[in-house]
Amino acid sequence: TKVFPSSKLFVSLMQGLTLPSVHVRRGCMELVEVLLRKQGLTVASGISEKDLVAQIAVHVGDREISVKKATVEALFVLESRLGSAEFLAQVPANIKEEVSKLLKERTKESTPQKDAMRHSRHTPHGVT
């Protein structure tokens with residue numbers, strides 16, 4: 001049995017974010033968030049922090065709310081990994097205000113118990 005490296009999977013998931021299907025985009029973003037949460041930034045080897053943040057943050061402008069929510073979750077993980085100041089320095093200027101606002105809302109609704117329930121219930125396709 002061959003094991004597919006998560007870094008290669010990550011690249012495929014990032015490419016999936018450009019597809020027209022909302023279900024594919026949402027699923028890819030959810031899995032990106034899981035990989036970042038479980039394995040940290042090492043899963044995105046070969047991508048600079050600035051590019052990674054930009055490639056994910058651009059999806060806060062997605063017209064589909066489910067993709068936008070999945071993006072906020074992925075950005076929340078990135079912010080916790082990088083630290084708030086470092087993270088915001090990496091966000092493209094044209095969307096920095098919107099990203100900051102969405103993450104503040106996400107932080108307000110966040111409690112450790114809610115986060116644990118969110119991650120146990122919404123781990124896509126049985127990924128743990």
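To the nearest 20 Debye, how big is the dipole of the chain about its Cα centre, given +1 on the beta carbon of each Lys and Arg and -1 on that of each Asp and Glu?
Once rounded to the nearest 20, the dipole reads 300 debye.
Packing-wise, with mean Cβ within 10 Å as the measure, how do 55-66, 12-23 rank, highest first? Provide the component values of the computation, followed by the final result.
Details: 55-66: 16.5, 12-23: 13.2.
Highest to lowest by the protection proxy: 55-66, 12-23.
Determine the gain in length on full extension of the stretch LYS96-GLN55; use 0.36 nm per residue of separation and subtract their C-alpha separation, reporting nm with one decimal.
Numbers: separation 41, 0.36 × 41 = 14.76 nm, distance 1.31 nm.
Full-extension gain reported as 13.4 nm.
Could you list log10 I(q)/I(0) for the chain at q = 0.09, 0.18 Å⁻¹, which the Debye formula gives when each Cα is one point scatterer?
Each listed q maps to, in turn, -0.23, -0.99.
Place the peptides 25-35, 76-86 in order of packing, highest mean first, counting for every residue the other Cβ atoms within 10 Å and averaging per peptide.
My ranking of the peptides, most packed first, is 25-35, 76-86.
How many nm separate the modelled label positions at VAL11 and GLU105, each set 7 Å beyond the Cα in the direction of the Cβ?
Result for the modelled spin labels: 3.5 nm.
Bear in mind that the values in this text are calculations on the coordinates, not laboratory data. Remember, it's a predicted structure, so these values are computed and weren't measured experimentally. Positions of Cβ are generated from backbone atoms using ideal geometry, with glycine treated the same way; all protein chains shown enter the neighbour counts.
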